[in-house]
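Chemist: Below is one structure. I have some questions about it.
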Amino acid sequence: MVTRSEFDLLFRQICGKYGFDLELSEDMLEKFFIISENLLGENEKFNLTAIRTLDGVILKHICDSACVANHIPAFPEGSKLLDVGSGAGFPALPLAVMRPDLSITALDATEKKVRFIEQTAKLAKIDNITCVSGRAEELAVPKSDMREAFDFVIARSVAELRMLNELCLPFLKVGGKFYAMKASRALHEAADSRNGRMTLGAVEKLDIVRLYTDEFGEDRLLMIATKKLQTSGKYPRRFANIKKSPL
Ligand code: SAH
């Protein structure tokens, strides 16, 4: 790993190159340094992510997640955000750093990844994050205390949007927002998922925001759905059904 000042320099270079306008305090940079160090160190043991260079971690994990922070409203105060399929903690960990006002839950089906997020949060002194291990479709059922309990739900690289809607929208309160982080090649998913989105209680219209352009010239997008009605107790279905016949 590099020193803290080398890290800061590299971080600022990457922000300049890709046009990230992140307002970062010393404390935030220190937290990003610890997250990066821990991810690269533990990855050799646990195979947590395919990204194995510091440049890659800064761009594709830290900045890609952190730049979403500005698009999440500041109200209601003390809002709860759920990251579905958080993996090694993305976007949950950088969002928790950028938005100490949010109470963040990171959910993943793989226990070792959830333990990693917990350990990283502790090391970096990020105290607005809680970790849950389990499957989204099992934790979002009507009797669960996680159902319709979150103001915001977010997911990156978990599934195509038709499936993701069913895994994520049941967790959302009426009036809440669901953020799908996607690359522009997935733009067709916005239209393909229209019927399912409405079946699950979200409004028809999807807001699409361009975040930045990646190193291959592809745009990174945020697809934002607002929930207007409670989700029917029929959803989510079992994972095999969600996959076999997406809504
Ligand atoms: N969001 C992270 C990880 C993406 S990999 C990132 O962008 O880096 C997809 C993750 O979703 C995996 O860690 C996998 O365990 C998790 N996952 C897939 N299906 C899930 C489900 N139904 N419930 C909970 N987690 C799930």
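The values are calculated or read from the model by the stated rules, or taken from the named source; none is laboratory data. Computed from a prediction, not measured in an experiment: that's the story for all the values here. We place every Cβ from the backbone using ideal geometry, glycine too, and count neighbours over all the protein chains shown. Heavy atoms of the whole protein, side chains included, go into the accessibility calculation; ligands, DNA and RNA do not. Shrake-Rupley method; radii C 1.70, N 1.55, O 1.52, S 1.80 Å.
Chemist: Would you confirm, using the coordinates I've provided, whether Asp151 is acidic (Asp, Glu), away from the ligand (no atom under 13 Å from the Cβ) and open to solvent by 10 Å² or more (accessible area, probe 1.4 Å)?
Modeler: Yes, satisfied.
Chemist: Which members of the stretch 198-247 meet the condition of being outside any loop (DSSP other than H, G, I, E, B), free of Cβ contacts under 8 Å to residues at least 40 places away in the same chain and in contact with a strand residue (DSSP E or B) (Cβ under 7 Å, 6 or more places away or on another chain)?
Modeler: If the condition is that a residue be outside any loop (DSSP other than H, G, I, E, B), free of Cβ contacts under 8 Å to residues at least 40 places away in the same chain and in contact with a strand residue (DSSP E or B) (Cβ under 7 Å, 6 or more places away or on another chain), then Ala202, Asp207, Ile208, Arg210, Asp219 are the ones that fit.
Chemist: To continue, here is another question. Looking at (1) surrounded by fewer than 17 Cβ atoms within 10 Å (Cβ to Cβ); (2) at pLDDT 95 or above; (3) of a type in the set (Val, Ile, Thr), can you tell me which one Thr53 breaks?
Modeler: (2)
Chemist: Another question, then. Determine whether Ser86 is under 21 Å from Pro236 (Cβ atoms), among the hydroxyl-bearing types (Ser, Thr, Tyr) and in contact with a Cys (Cβ under 9 Å, 6 or more places away or on another chain).
Modeler: Taking the combined requirement at face value, the residue satisfies it.
Chemist: Another question, if that's okay. Looking at this structure, is Glu189 open to solvent by 10 Å² or more (accessible area, probe 1.4 Å), in contact (Cβ under 8 Å) with a residue 60 or more places away in the chain, among the acidic types (Asp, Glu) and part of a helix (DSSP H, G or I)?
Modeler: no
Chemist: For Met181, which of the numbered conditions (1) over 13 Å from the mean Cα position of the chain (by Cα); (2) within 11 Å of the ligand (Cβ to nearest atom); (3) assigned to a strand (DSSP E or B) fails to hold?
Modeler: Every listed condition holds for Met181 apart from (1).
Listed here are the residues, each with its yes/no results for (1) of a type in the set (Phe, Trp, Tyr); (2) touching a strand residue (DSSP E or B) at 6+ places or on another chain (Cβ under 7 Å); (3) open to solvent by less than 10 Å² (accessible area, probe 1.4 Å).
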residue: Glu26; (1), (2), (3): no, no, no
residue: Leu29; (1), (2), (3): no, no, yes
residue: Asn38; (1), (2), (3): no, no, no
residue: Phe46; (1), (2), (3): yes, no, no
residue: Cys63; (1), (2), (3): no, no, yes
residue: Leu82; (1), (2), (3): no, yes, yes
residue: Met98; (1), (2), (3): no, no, no
